[in-house]
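Engineer: I am attaching a structure below and will ask some questions about it afterwards.
The values are calculated or read from the model by the stated rules, or taken from the named source; none is laboratory data. Here the structure is a predicted model, which is why all the values come from computation and not from measurement. Reconstructed Cβ throughout: ideal geometry from the backbone, glycine too, with neighbour counts over all protein chains shown.
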Amino acid sequence: MVLDTTQIIVLNWFYNCYTKGESANFNGSIQHFGEVMKIRDPMTVIKSLLDMGFINVHKTKMEVTITKAGILQYESMKKKNLDK
């Protein structure tokens with residue numbers, strides 16, 4: 001599966017939160033998230049990662065976490081990049 005640059009940036013952020021054991025909560029609006037991450041349409045990027053099963057939304061906690069599939073996808077991309 002090929003991800004575009006903005007999807008990789010956001011997946012990287014979720015992966016880093018996961019590896020640091022930090023919550024992926026973002027204190028601000030989705031627009032602010034887009035500005036901070038320097039992406040034009042953050043809702044579309046997040047929805048695409050959600051549709052691919054790479055992230056999960058916990059509605060009761062209002063937080064998003066990376067899924068096992070997302071972790072495997074990110075680590076696979078990272079490995080391919082190191083092998084070049």
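Engineer: Within region 51-72, work out how many residues are outside any strand (DSSP E or B) and in contact (Cβ under 8 Å) with a residue 40 or more places away in the chain.
Structural biologist: Within region 51-72, residues that are outside any strand (DSSP E or B) and in contact (Cβ under 8 Å) with a residue 40 or more places away in the chain number 4.
Engineer: Go through region 16-31 and give me each residue that's closer than 15 Å to residue 63 by Cβ and either in a loop (DSSP other than H, G, I, E, B) or among the hydroxyl-bearing types (Ser, Thr, Tyr) (or both).
Structural biologist: Answer for region 16-31, where residues must be closer than 15 Å to residue 63 by Cβ and either in a loop (DSSP other than H, G, I, E, B) or among the hydroxyl-bearing types (Ser, Thr, Tyr) (or both): 18, 21, 22, 23, 24, 25, 26, 27, 28.
Engineer: Considering each residue of region 62-71, count those that are modelled with pLDDT of 90 or more and either in contact with a helix residue (DSSP H, G or I) (Cβ under 8 Å, 6 or more places away or on another chain) or surrounded by 12 or more Cβ atoms within 10 Å (Cβ to Cβ) (or both), and give that number.
Structural biologist: 5
Engineer: With the structure loaded, tell me whether residue 34 is surrounded by 12 or more Cβ atoms within 10 Å (Cβ to Cβ), part of a helix (DSSP H, G or I) and small (Gly, Ala, Ser) or whether it fails that test.
Structural biologist: Against the criterion (surrounded by 12 or more Cβ atoms within 10 Å (Cβ to Cβ), part of a helix (DSSP H, G or I) and small (Gly, Ala, Ser)), residue 34 qualifies.
Engineer: For region 4-36, name all the residues that are more than 11 Å from the chain's Cα centre (by Cα) and among the hydrophobic types (A, V, I, L, M, F, W, C).
Structural biologist: Hits for region 4-36 are 26, 30, 33, 36.
Engineer: Separate question: Being β-branched (Val, Ile, Thr) and at pLDDT 85 or above is the filter here; which residues of region 3-35 pass it?
Structural biologist: Within region 3-35, 5, 6, 8, 9, 10, 19 meet the criteria.
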